[in-house]
Amino acid sequence: MQLLSSFYFQRRFWMAALALVALGLAGFPLPSLLFWSKAGFGLLTLLLLVDVLVLYRLPRGLEGERTLADRLSNGDDNPVQLQFRNRYPFAISLTVIDEVPEQFQARHLQFALQLAAGVQKRHTYFLRPTKRGAYDFGFLNAYVASPLGLASRRYKFALHKEVPVYPSYIQMHKFELLAFSSLPEQGIKRFRRMGQNQEFEQIRDYVQGDDYRTLNWKATARSGQMMVNTYQDERSQQVVSLIDKGRLMHMPFEGLSLLDWSINACLALSNIAIKKGDKAGLITFQEKINLLLPPSRQGGQMNAILEALYKQKTAYKEADFSRLYMGVRRQLPQRSLLLLFTNFESLQGMRRQLPQLRQLARQHLLVVIFFENTELVQLLDAPVKGLEDVYTKTITQKLLHEKKLIVRELQQHGIQSLLTPPQGLTVSVINKYLELKSRGLI
């Protein structure tokens with residue numbers, strides 16, 4: 001039974017059998033061909049028996065493993081490594097089918113490999129998840145064929161593993177490196193500090209090259225030698241991400257929802273803020289505030305933010321900005337930088353929330369971040385072929401222009417805003433944070 005469940009005919013066998021059947025049919029008008037057909041079937045049967053014998057002679061002629069990270073990064077290409085070792089004394093052909101999680105809908109994911117005798121070989125492929133949650137990997141199936149290629153033997157490796165998909169920690173580490181490097185071509189801008197947001201650090205001896213304006217005359221008089229004050233950029237400012245989980249944030253772009261784009265950007269920004277000495281916090285809201293993680297720069301804060309973002313779900317309800325304002329007013333008495341990830345599709349929709357946004361901006365430095373519809377931009381660039389296309393382009397232009405009007409009206413009320421395509425969200429948010437920090441506004 002084990003042999004029958006793992007035994008498969010190869011395409012070469014069926015082609016040979018079909019050719020011999022055709023030869024046998026031709027033997028009715030030409031009896032001499034019938035002999036060769038019978039002889040061919042006898043030879044094919046003998047070769048098939050030899051093929052089965054060499055494939056099943058070893059109980060475990062093939063070893064297989066699957067290696068992947070303990071967690072996957074949402075929206076990124078995650079490597080999955082397959083490793084096989086050929087224990088047969090001859091070269092084999094492999095057809096590999098990996099049972100990946102159903103969320104990928106990859107029903108025909110298979111690879112063809114060649115392994116020489118006694119050789120170990122690795123094969124790497126990539127998976128890009130687009131939703132957070134638990135992903136179940138199933139069996140690893142490998143179909144082994146000998147050089148004869150008439151039959152194949154299936155090896156089924158029980159490599160079941162549940163792997164959680166977290167917000168994009170790959171992107172987080174990538175932008176951490178870029179923010180602290182000097183590679184402006186990668187999208188992260190370099191800002192020269194213009195504000196005077198500095199705090200006293202210590203008094204030390206004067207060394208050649210120090211600014212004379214930092215001389216501490218009292219300390220100089222007491223010690224009899226020149227002493228200077230040293231300063232450092234003011235640290236421990238509060239940077240809080242406010243993530244709208246309402247219905248409009250579930251519009252998809254390139255497989256990810258706007259909510260997941262925002263979560264990935266929030267993770268990367270919080271990491272950079274903590275690395276720069278600021279405190280990072282998190283608030284998620286819908287019809288009420290669902291999560292409030294107070295700002296902190298302690299060692300476990302990034303892990304707390306990561307775990308909190310991983311668990312965020314939605315009920316597809318409308319976001320209540322008045323509840324958000326009341327929660328921020330109670331929980332954040334200190335002036336903070338608030339980065340509000342939301343989405344406004346119309347000017348009227350923004351105006352309904354404007355009173356709450358203005359109240360938040362009076363007490364904090366508020367940046368409203370919403371999304372440009374890149375599909376509409378592509379539609380606007382499409383060629384015009386008829387009157388219907390003219391109407392479509394007119395409506396598209398109106399919708400895109402309305403987004404710009406939202407930016408203008410927010411600025412008129414003293415509210416910082418950021419209109420960005422989803423793909424450029426993380427870079428734009430980090431640049432905005434670095435710009436505000438360089439200007440001494442936080």
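Odds and ends about this structure:
- Placing unit charges on the Cβ atoms only, positive for Lys and Arg and negative for Asp and Glu, gives the chain a dipole magnitude near 540 debye about its Cα centre.
- Sorting Asp244, Asp211, Asp70 by accessible area puts them as Asp70, Asp211, Asp244; the probe is 1.4 Å, largest comes first, and only protein heavy atoms count.
- Computing FRET efficiency as 1/(1 + (r/R0)^6) for Arg323 and Thr230, where r is the C-beta to C-beta distance and R0 is 41 Å, gives about 0.35.
- Only helices reaching 18 angstrom along their own axis (Cα) with mean Kyte-Doolittle hydropathy no lower than 0.5 count here, and for the DSSP H runs of the chain these are 11-26, 31-56, 258-275.
- Cα Rg over Rh - segment 393-438, Kirkwood: 1.07
- Distance between segment 42-74 and segment 338-353 - C-alpha centres, whole angstrom: 58
- With a threshold of 18 Å on the Cα-Cα distance, the over-threshold entries among Lys288/Lys313; Lys245/Lys403; Lys174/Lys437; Lys174/Lys275; Lys161/Lys313 are Lys245/Lys403; Lys174/Lys437; Lys161/Lys313.
- Whole-Å distance, taken between Cα centres, linking segment 119-158 and segment 245-295: 36
- Area accessible to solvent at Lys432, 1.4 Å probe radius, in Å²: 30
- Among the protein heavy atoms of the chain, carbon and sulfur supply 54% of the accessible surface, probe 1.4 Å, non-protein parts ignored.
- Per residue, the chain exposes 54 Å² of accessible surface when a 1.4 Å probe is rolled over the protein heavy atoms with every protein chain present.
- At the residue level, Met15 shows approximately 110 square angstrom of accessible surface with a 1.4 angstrom probe and all protein chains present.
- Pairwise Cα inverse-distance average, inverted: Kirkwood Rh of segment 29-145 (Å): 17.2
- Pairwise inverse Cα distances across segment 324-407, averaged and inverted, put the Kirkwood hydrodynamic radius at 15.0 Å.
- Translational diffusion coefficient of segment 1-58 (Stokes-Einstein, Kirkwood radius from Cα pairs, 20 °C, 1.002 mPa s): 169 µm²/s.
- A 1.4 Å probe, protein heavy atoms only, puts the accessible area of Ser73 near 0 Å².
- Compactness of the chain as Cα Rg over 2.2 N^0.38 Å, two decimals: 1.46
- Sequence of Glu375, Glu102, Glu402 when ordered by accessible area, the most exposed leading, probe 1.4 angstrom: Glu102, Glu375, Glu402
- Inverting the pair-averaged 1/r between distinct Cα atoms of segment 209-268 gives 16.3 Å as its Kirkwood hydrodynamic radius.
- Other-chain or far-sequence residues with amide H under 5 Å of Arg128's (modelled H): Asn78
- Heavy-atom accessible area order for Leu340, Leu434, largest first, 1.4 Å probe: Leu434, Leu340
The values are calculated or read from the model by the stated rules, or taken from the named source; none is laboratory data. Source: prediction; values computed, not measured. Here Cβ is always computed from backbone atoms with ideal geometry, including for glycine, and neighbour counts include all displayed protein chains. For the accessible areas, the whole protein counts, side chains as well, though only heavy atoms, and no ligand, DNA or RNA atoms are used. Shrake-Rupley method; radii C 1.70, N 1.55, O 1.52, S 1.80 Å.
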